[in-house]
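Scroll down for the structure; my scribbles are underneath it.
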Ligand SMILES: Cc1cc2nc3c(=O)[nH]c(=O)nc-3n(C[C@H](O)[C@H](O)[C@H](O)COP(=O)(O)OP(=O)(O)OC[C@H]3O[C@@H](n4cnc5c(N)ncnc54)[C@H](O)[C@@H]3O)c2cc1C
Ligand code: SF4
């Protein structure tokens, strides 16, 4: 433990953001990384409590507690407090393949269950992680790690999101020869074409891909398995196949007018924005842009917030965000005690930007779309308030007559989440599926088909980067155990 009285001496320092008017004029990182002195004080706040839920990574009552990767957080904090940043990175790398991603986009499940957080604001674990990995990257201290001995086994990983990347990284470290197949033009999955640049700069993703290529991992892009590359060929050419194809089946708007021009999914909009930024191929939705438009975002979650923030950067005239659920409470409810993840109302970066620019929170809670109006192109949206009532043991939204309102709209973005994985490969392979159409596996990530494994959102349903990393890593260890008869943790 770095400093016994640290948690009594120092206040939590929140993530610092660039001024709103400055950051909305570009797509660069939203945040201002903390300096060394701040990080030392913040790491001193860790109490090394001895019952550190922060790294437990378990699911209780349907909700996660602590870091799914099992990061050794109190030890990392102690090393940082003592100025040993490289030692902290070494400790972090024992469990974490890519801290540069999570230290930017993770909701920090660890902080929700920090013991200090029971009575005081929790330790800023995520910002400490950011300081450590940025120090290592900026000082060129992250070098390709190639295994000394190769097993002679070949594995195909399908999909290059965080699950696929973590899986490829671990399989390669264990000595297997890995080829990653990706249907997009650039690897990274939602790290590349989902999460916007201001949350995760694409140069950070590309840098990691470069390191992985130097580690002899082979990336084949523009290659959809099951379409461009027959899956049977992969099963013949490789000793095992790990499917990490995500859960890209978006929930679509199902109201009159949903087929009008100007109605798009969040992923069409966000991926087009990133492609424009990095100059990648943009044939399908080229020109899709919020500039000068009244934008209605349907969905109050993180993807919706990313649409709000991207619309603002593109110069939208107005942005409204509809959320069918009621506003969460300001503080933890009684049935949501520590150390469960706090389900409270959060005003995120996109909403702060809308408040600064348009003078009001863009969110309208307990509200949904009744109809999208226009002749060929959308011109407005009719919304209606809903009340949540119990029906057959479940809560369901019930429209309240007389609460209809019309909002001007030139662009409607549906950000209502994902209903599960796409069916193409699953049907071709006749894989067993479970709830939400996700691939069913045993505890060793093995599907019902010999040599075919699955991990990430494709197995769990839509989740988080940190869960996808943990899935990919664990699937790699299980696959290696299957191929080489060992269960190595490194
Ligand atoms: C807009 C948005 C913002 C998000 N923001 C955050 C955030 O801030 N923090 C956070 O923790 N999580 C966030 N998430 C969730 C997170 O990105 C996902 O949980 C995570 O990326 C899932 O990882 P994955 O590897 O399982 O799948 P994905 O990242 O979806 O990757 C799957 C990859 O497989 C490829 N693929 C699919 N089928 C084939 C095929 N047949 N052949 C070849 N390739 C194929 C796809 O092209 C894709 O590249 C966000 C999600 C979205 C949509
Ligand atoms: S990966 Fe996320 S949950 Fe794990 S230590 Fe980092 S910020 Fe916390």
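The values are calculated or read from the model by the stated rules, or taken from the named source; none is laboratory data. Quick caveat, the model's predicted, so the values are computed rather than measured. We place every Cβ from the backbone using ideal geometry, glycine too, and count neighbours over all the protein chains shown.
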Discussion item. Which condition from (1) within 16 Å of ligand 2 (Cβ to nearest atom); (2) crowded, with 23+ Cβ neighbours inside 10 Å is the one that residue 199 breaks?
Written reply: (2)
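What number of residues within segment 205-217 are more than 22 Å from the chain's Cα centre (by Cα) and either crowded, with 16+ Cβ neighbours inside 10 Å or under 16 Å from residue 429 (Cα atoms) (or both)? Spell out the reasoning first.
Start the filter on segment 205-217 by keeping residues that are more than 22 Å from the chain's Cα centre (by Cα), which leaves 213-217.
Subset that is either crowded, with 16+ Cβ neighbours inside 10 Å or under 16 Å from residue 429 (Cα atoms) (or both): 215, 217.
The total comes to 2.
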Worksheet, complete the sentence: In segment 162-196, residues that are part of a loop (DSSP other than H, G, I, E, B) and away from ligand 2 (no atom under 16 Å from the Cβ) total 13
Item to complete: Sort out which residues of segment 356-372 are surrounded by fewer than 17 Cβ atoms within 10 Å (Cβ to Cβ) and assigned to a strand (DSSP E or B), and write them in order of number.
Response: 371
Item to complete: Give me the pairs, please: first residue somewhere in segment 22-36 and in the same structural domain as residue 274 (by TED's automatic domain parsing), second residue anywhere and loosely packed, with under 12 Cβ neighbours inside 10 Å, beta-carbon distance under 8 Å, and either six or more positions apart or on two chains.
Response: none
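Within 29 Å of residue 161 (Cβ to Cβ) and either surrounded by 22 or more Cβ atoms within 10 Å (Cβ to Cβ) or more than 15 Å from ligand 1 (Cβ to nearest atom) (or both): does that describe residue 73? Step through it out loud before you land on a result.
Values: within 29 Å of residue 161 (Cβ to Cβ): yes; either surrounded by 22 or more Cβ atoms within 10 Å (Cβ to Cβ) or more than 15 Å from ligand 1 (Cβ to nearest atom) (or both): yes.
Answer is yes for this residue.
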Worksheet item: Restricted to segment 282-299, and to residues that are modelled with pLDDT of 95 or more and within 16 Å of ligand 1 (Cβ to nearest atom), which residue is farthest from residue 368 (Cα to Cα)?
Response: 290
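Criterion first (surrounded by 19 or more Cβ atoms within 10 Å (Cβ to Cβ), out of contact with any strand residue (DSSP E or B) (no Cβ under 8 Å at 6 or more places or on another chain), at pLDDT 95 or above and not in a helix (DSSP H, G or I)) does residue 246 satisfy it? Even if it seems obvious, please write down each step before you answer.
Values: surrounded by 19 or more Cβ atoms within 10 Å (Cβ to Cβ): yes; out of contact with any strand residue (DSSP E or B) (no Cβ under 8 Å at 6 or more places or on another chain): yes; at pLDDT 95 or above: yes; not in a helix (DSSP H, G or I): yes.
Taking the combined requirement at face value, the residue satisfies it.
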Worksheet item: Exactly one of (1) touching a strand residue (DSSP E or B) at 6+ places or on another chain (Cβ under 8 Å); (2) not in a strand (DSSP E or B) is unmet by residue 402. Its number?
Response: (1)
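In the set 464, 425, 431, which member is out of contact with any strand residue (DSSP E or B) (no Cβ under 6 Å at 6 or more places or on another chain), away from ligand 2 (no atom under 16 Å from the Cβ) and not assigned by TED's automatic domain parsing to the domain that holds residue 263?
On the way: 464 fails: away from ligand 2 (no atom under 16 Å from the Cβ); 431 fails: out of contact with any strand residue (DSSP E or B) (no Cβ under 6 Å at 6 or more places or on another chain).
Step by step, each of 464, 425, 431 is checked, and only 425 is out of contact with any strand residue (DSSP E or B) (no Cβ under 6 Å at 6 or more places or on another chain), away from ligand 2 (no atom under 16 Å from the Cβ) and not assigned by TED's automatic domain parsing to the domain that holds residue 263.
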Worksheet item: Are any of the residues in segment 137-152 crowded, with 18+ Cβ neighbours inside 10 Å, touching a residue at least 40 places away in the same chain (Cβ under 8 Å) and part of a helix (DSSP H, G or I)?
Response: no
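With respect to residue 407, is the statement that it is in contact with a helix residue (DSSP H, G or I) (Cβ under 8 Å, 6 or more places away or on another chain) and surrounded by fewer than 20 Cβ atoms within 10 Å (Cβ to Cβ) true? Outline the logic, then answer.
Numbers: in contact with a helix residue (DSSP H, G or I) (Cβ under 8 Å, 6 or more places away or on another chain): no; surrounded by fewer than 20 Cβ atoms within 10 Å (Cβ to Cβ): yes.
Considered against the rule, which asks whether it is in contact with a helix residue (DSSP H, G or I) (Cβ under 8 Å, 6 or more places away or on another chain) and surrounded by fewer than 20 Cβ atoms within 10 Å (Cβ to Cβ), residue 407 comes out as no.
Wholly within segment 28-122, which helices (runs of 4 or more DSSP H) include no fewer than the required count, namely at least 1 residues that are more than 9 Å from ligand 2 (Cβ to nearest atom)?
Helices (runs of 4 or more DSSP H) meeting the threshold: 36-44, 73-81, 85-93, 99-105.
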Worksheet item: What about residue 233, is it assigned by TED's automatic domain parsing to the domain that holds residue 471, assigned to a helix (DSSP H, G or I) and under 25 Å from residue 188 (Cα atoms)?
Response: yes
